[in-house]
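Here is the structure we will look at, set down as structure tokens.
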Amino acid sequence: MMRLGFVPLTDCAPLVMAQELGLFKKYGLQVALSRELGWATIRDKVIHGELEAAHAVAGMPVAATLGLNSIACECLTALVLNLHGNAITLSADLWNRGVRDGKSLRAEIQRTRGQKVFTIGVVYSFSSHHYLLRNWLTAAGIRPDQDVRIVIVPPAQMVTNLKAGHLDGFCVGEPWNSLAVRSGEGCVVAVSAELDPLHPEKILMVRREFAEKRAQEHIALIAALLGACAYCDQPENHAEIISILARPEYVNVSEDVLRYGLTGPFALTKKEARNISDFCIFHRHDANEPSADKAGWVMRNLRTSGLVRDPGQLSAALGRRIFRPDIFTQANALRLSTQTPAGKENTNETKVISC
């Protein structure tokens, strides 16, 4: 049995659908999905061998390998699960004060200086959310860690903390931005597809030891998830995906909230929504290959964020050790060899309903 961890987010869809469509079984795998609270739990369980693999933020295998905020454990990724899918949401209180973007947030920070320090949540110290937020703030002339406080909060707890007044905003993946908008607690001021087009978001993370000792299982796992990524990228499948993700064992929010981030239009406020091209990409645009460009994006943002004490550790050689297109190529070849003549994934195996 292989234990595969995920955090309840819209972009866990490839893992969920690989299970539901019988794709793991197709490649001879027995997989148990494990729903985890947040990214620190995912990291620790992978490091300590409680999970063989996991849905993870793109910077996590780098941070784990270097021992940033954890014990050091060599990890790698041979699959990018998706691009984009995040947004920056500010509280309804800030919106009602006229804050609509970074420039107006800076004006509000200056107006309330000495009275309040605004607190903004991100999901993990070394995640795209943290880089995107810091870059957005800096572009508006706001100094991260000086003009605002940035704190780590699990994705599913963002809206609760916003409602309680512990947060003034957050950067998180779907569906938690949409839940904030739908509940009247927040408004979206930026989306990651527009802040940094085609940036890598979630990856499949494993320990290097697992990838080496159980290489064939690892390749089969990637092949199954590649098929699921392709399935999730097809609009005609989104209604089914939404209905499955809504279930308690997966994301556990209403189908209406999940719909914003998958089918659109994407709600910015209760009164405004718009179609955002490529809000979340699961397969197209060569999304899944853990290429040198994607590794470079992670390394560059870790370096420029100031979050790593010794930026010299973030070498191209380290990127090549962690982001593994060679393993991806083997898994893709396996997947292509099992496709139907029409080029579509054969998902006629018995569906696995329980994880």
Filtering region 35-48 down to residues that are over 20 Å from residue 80 (Cβ atoms), part of a helix (DSSP H, G or I) and among the basic types (Lys, Arg) yields 45
Restrict the check to region 113-126 and report whether at least one residue is part of a strand (DSSP E or B), more than 22 Å from residue 37 (Cβ to Cβ) and within 25 Å of the chain's Cα centre (by Cα).
yes
Kindly provide the set of residues from region 216-241 that are free of Cβ contacts under 8 Å to residues at least 12 places away in the same chain and farther than 30 Å from residue 276 by Cβ, ordered by number.
216
Given the condition over 25 Å from residue 2 (Cβ atoms), within 18 Å of the chain's Cα centre (by Cα) and surrounded by 13 or more Cβ atoms within 10 Å (Cβ to Cβ), answer yes or no: does some residue in region 228-236 qualify?
no
Are any residues in region 266-301 out of contact with any strand residue (DSSP E or B) (no Cβ under 8 Å at 6 or more places or on another chain), open to solvent by less than 80 Å² (accessible area, probe 1.4 Å) and part of a loop (DSSP other than H, G, I, E, B), and if so, which ones?
283
Over region 140-173, the set of residues under 18 Å from residue 86 (Cβ atoms), open to solvent by less than 20 Å² (accessible area, probe 1.4 Å) and assigned to a loop (DSSP other than H, G, I, E, B) is 153, 167, 168
Could you tell me which residue of region 92-113 is surrounded by the most Cβ atoms within 10 Å (Cβ to Cβ), considering only residues that are closer than 21 Å to residue 159 by Cα and free of Cβ contacts under 8 Å to residues at least 24 places away in the same chain?
97
Taking residue 54 as meeting all but one of (1) in contact (Cβ under 8 Å) with a residue 40 or more places away in the chain; (2) open to solvent by 10 Å² or more (accessible area, probe 1.4 Å), write down the number of the exception.
(2)
Hits in region 34-46 (condition: out of contact with any Phe, Trp or Tyr (no Cβ under 6 Å at 6 or more places or on another chain) and open to solvent by less than 20 Å² (accessible area, probe 1.4 Å)):
36, 38, 42, 46
If a residue has to be surrounded by 18 or more Cβ atoms within 10 Å (Cβ to Cβ) and either at pLDDT below 95 or of a type in the set (Gly, Ala, Ser) (or both) to count, how many in region 174-194 make the cut?
6
Kindly list the number of the only condition in (1) at pLDDT below 95; (2) crowded, with 17+ Cβ neighbours inside 10 Å that fails for residue 309.
(2)
Residue in region 1-33 that is surrounded by the fewest Cβ atoms within 10 Å (Cβ to Cβ), counting only those that are small (Gly, Ala, Ser) and closer than 24 Å to residue 261 by Cβ:
5
Which condition number does residue 218 fail, the rest of (1) part of a helix (DSSP H, G or I); (2) surrounded by fewer than 24 Cβ atoms within 10 Å (Cβ to Cβ); (3) not polar (S, T, N, Q) being met?
(2)
So which residues in region 247-265 are of a type outside the set (Phe, Trp, Tyr), outside any loop (DSSP other than H, G, I, E, B) and surrounded by 22 or more Cβ atoms within 10 Å (Cβ to Cβ)?
257, 258, 261, 262
Here is a check on your reading of the model: is residue 78 in contact with a helix residue (DSSP H, G or I) (Cβ under 7 Å, 6 or more places away or on another chain) and either open to solvent by less than 10 Å² (accessible area, probe 1.4 Å) or in contact (Cβ under 8 Å) with a residue 24 or more places away in the chain (or both)?
yes
Whether any residue in region 195-203 is open to solvent by 10 Å² or more (accessible area, probe 1.4 Å), among the charged types (D, E, K, R), more than 30 Å from residue 291 (Cβ to Cβ) and within 22 Å of the chain's Cα centre (by Cα) is what I want to check.
no
Filter region 119-139 for residues that are polar (S, T, N, Q) and open to solvent by 40 Å² or more (accessible area, probe 1.4 Å) and give the result.
135, 138
Please indicate, with yes or no, whether at least one residue in region 187-199 is in contact with a helix residue (DSSP H, G or I) (Cβ under 6 Å, 6 or more places away or on another chain) and more than 30 Å from residue 225 (Cα to Cα).
yes
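The values are calculated or read from the model by the stated rules, or taken from the named source; none is laboratory data. The model shown is predicted, which means the values in this text are computed figures rather than measured ones. With ideal geometry, Cβ positions are generated from the backbone for all residues, glycine too; neighbour counts draw on all protein chains shown. These accessible areas exclude ligands, DNA and RNA; they are computed on the full protein's heavy atoms, side chains included. Shrake-Rupley method; radii C 1.70, N 1.55, O 1.52, S 1.80 Å.
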